[in-house]
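The values are calculated or read from the model by the stated rules, or taken from the named source; none is laboratory data. Because the structure is predicted, anything quoted here is derived from the model rather than measured. Here the Cβ positions follow ideal geometry from the backbone for every residue, glycine too, while neighbour counts run over all protein chains shown. All accessible areas refer to the heavy atoms of the entire protein, side chains included, with ligands and DNA or RNA removed. Shrake-Rupley method; radii C 1.70, N 1.55, O 1.52, S 1.80 Å.
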Amino acid sequence: MDTELLRNMYDAAPELWYGIGTVFAGLIGGTLFLMFALLRLKQKNYFLRRDRERYAETLYASHDGYFAFIYPDEKVNDPRKVITERCSRRLAVLLGLEKGVKSDFNDVLKNFYKDDVKKINKYVGLLKEEGVAFEDYFLLKSADRHIRLEGARINGADGNIYCDMIWFRDISFAINRIKSLEKAKESSDKKLFLIRDLLDNLPFAVWLRDPALEVVYCNKKFAEFVPDKNQDEVISEHLEIAGTNGDSISKSLAARVHETNRMGKTTVGVVVKGERIAMEAFEVPFYADQNFEKTYSAGCLININELDQLRRNLKRHQDAQLEILGTLGTAFAVFNQNGILNFYNPAFAKLWQLDASWIEDKPTYASFLDVLREKRLLPEVPDYKAYKQNEISTFSQIIEALSDLIHLPNGKTLRRMRAPYPMGGVVFAYEDISDRLATTSAYNALISVQNEMLSGMFDAILIFGTNGRLSFFNEAYADLWKADKTFLAGEPSFDEVLDSQRRFFAMDEDWNSLKKGISANILDMTSKTMTLKCRNGDLQLGVTHLSDGSLMIVYHKTNQQL
């Protein structure tokens with residue numbers, strides 16, 4: 001371009017060129033502004049679409065399905081002139097709608113029973129006409145599922161009605177869970193009522209203490225011991241059963257039980273209708289709800305009045321018996337269940353040469369054995385520790401009367417009796433039988449000598465005891481009558497012995513009459529001797545009645561030997 005020409009044109013009309021430049025600059029500036037405004041508008045529309053998508057996806061992600069009735073906007077010239085319906089994807093899946101999100105409200109209602117449809121339509125009608133919210137529960141026809149419908153109106157900040165929404169939630173699990181819990185509760189209530197009936201019908205008072213030692217439950221029997229109060233008042237006021245001294249019968253016991261975590265019991269006196277009754281209170285600790293920091297205790301009160309009377313009577317009888325035993329010459333002593341000497345009579349102290357001051361200190365059975373060993377009044381044993389241990393272990397195991405002999409180093413022999421004591425422990429009785437044993441030994445020796453003398457005699461001898469059976473025969477008798485010694489050793493009767501002699505008499509004689517005559521003469525107290533005519537000779541028969549009631553018969557050969 002010719003620069004000279006341009007310069008001439010500018011010089012001819014400079015104002016024109018200034019105007020054209022200004023217009024041109026304005027056009028460029030306006031274009032840039034519009035482009036920037038359009039860019040901002042596109043950006044705003046982008047975020048509006050993103051927010052709309054977020055809200056839509058948020059609704060789609062909800063566990064609840066919804067059905068919306070969307071109204072046209074009355075504040076602007078909205079081209080939508082009718083109410084539109086929208087079904088959510090969740091609702092379509094929840095109800096199994098064939099049309100999916102394109103389903104209308106009639107498609108939704110087909111899933112409910114006829115009566116429920118009427119009810120839902122009434123709810124929806126009120127919501128559309130007056131904006132009345134509702135909430136109700138319905139059962140689907142196609143499945144045993146419970147659906148909660150909740151209707152609400154959505155309004156804008158400017159008062160414009162956006163839409164009416166109905167939310168659908170499947171509450172089958174919750175309903176079934178509630179039913180299950182209701183059944184469990186009903187079953188638990190029945191069990192609880194049975195337990196309460198059981199406790200209320202017990203014949204003794206029962207209660208429960210919390211960690212603060214307060215009575216938080218009791219049965220009806222407990223309330224009977226609290227004047228002018230019923231069961232509910234006793235529980236709500238944490239009242240206690242008072243003893244004869246006015247204090248609680250078991251609160252101090254419960255404190256000790258909670259501290260040691262071991263069952264405790266105590267004997268208390270309770271006044272009932274003006275009469276003092278002996279009772280026994282128990283407190284048993286336990287942990288509640290598997291919480292080892294919370295110790296509760298269960299208690300009961302048992303009437304032991306009759307038992308207490310029996311115990312007192314038994315104690316009186318035992319004391320009387322012990323007094324009688326104390327006067328006897330036989331040595332007696334009672335060691336209790338802990339092995340401590342509780343009672344002894346003078347004969348016991350004298351027999352074992354025990355010091356009065358030592359024995360009054362109530363020594364143990366083990367100490368008693370040690371003292372006897374020092375005095376050499378125990379049997380000589382190679383292992384005293386084993387002997388002592390055996391004595392002590394046997395002491396704790398006695399369940400019936402035992403008797404044994406104790407041979408002392410001084411030559412004495414004692415018969416020891418041990419028996420369980422009714423109140424616990426063992427009763428010991430010692431009897432010196434040394435003289436009796438010596439007498440028995442001498443008597444047995446004398447009998448032995450007499451038997452040897454009789455056995456050595458030439459005459460045949462038989463001795464019948466007071467029971468009428470043969471108790472002794474000598475060799476001379478067996479030889480004389482050719483008798484079977486086994487038969488004689490079997491203690492035959494008098495008649496059987498006579499029958500064994502029959503073959504030595506004449507066979508043509510009347511044996512029964514002969515036997516009767518022999519028996520009469522032998523048993524006759526006045527008869528001393530008689531002669532028997534046997535087949536091979538005569539026998540002189542002598543009869544002697546001994547001092548112990550026995551009968552001795554002596555056969556003496558007078559001529560030819562049989």
- Query: For the stretch 209-279, what is the accessible area per residue in Å², given a 1.4 Å probe and the full set of protein chains?
  - Reply: 58
- Query: Which values, in whole Å and largest first, are the semi-axes of the equivalent ellipsoid of the stretch 175-224 obtained as the square root of 5 times each eigenvalue of the Cα gyration tensor?
  - Reply: 30, 15, 6
- Query: Which of the lysines could a cross-linker bridge to Lys362, judged by Cα under 18 Å and excluding same-chain residues fewer than eight apart?
  - Reply: Lys350
- Task: Please state, as a whole number in µm²/s, the translational diffusion coefficient that the Stokes-Einstein equation yields for the stretch 122-215 at 20 °C and 1.002 mPa s, with Rh defined as the Kirkwood radius across alpha carbon pairs.
- Result: 117
- Span from the the stretch 84-138 Cα centroid across to the the stretch 238-267 one, whole angstrom: 67
- Message: For the stretch 337-419, report the % of Cα-Cα distances exceeding 19 Å.
- Response: 41
- Find out how many positive minus negative residues lie around Tyr66, taking Lys and Arg as positive, Asp and Glu as negative, among other residues whose Cβ is under 12 Å from that of Tyr66. 0
- Task: Excluding Leu377 itself, calculate the net charge of residues whose Cβ lies under 13 Å from the Cβ of Leu377, where each Lys or Arg counts +1 and each Asp or Glu counts -1.
- Result: +2
- Note on the structure: The set of residues whose placed amide H lies less than 5 Å from the amide H of Phe343, leaving out same-chain residues fewer than 5 positions away, is Val334
- Relative contact order for the stretch 66-170: what is it in percent, counting Cα pairs under 8 Å that are at least 6 residues apart? 27
- Message: Given points 7 Å out from each Cα along the Cα-Cβ axis, report the Arg469 to Asn160 separation in nanometres with one decimal.
- Response: 13.2
- Net lengthening on full extension, Phe292/Ile340 (0.36 nm per residue, minus Cα-Cα): 13.3 nm
- With N residues in the stretch 219-286, what two-decimal value do you get for its Cα radius of gyration over 2.2 N^0.38 Å? 1.15
- Query: So what's the net charge close to Asp189: Lys and Arg +1, Asp and Glu -1, counting the other residues with Cβ under 13 Å from its Cβ?
  - Reply: +2
- Cα-based Kirkwood hydrodynamic radius, the stretch 115-172, one decimal, Å: 12.3
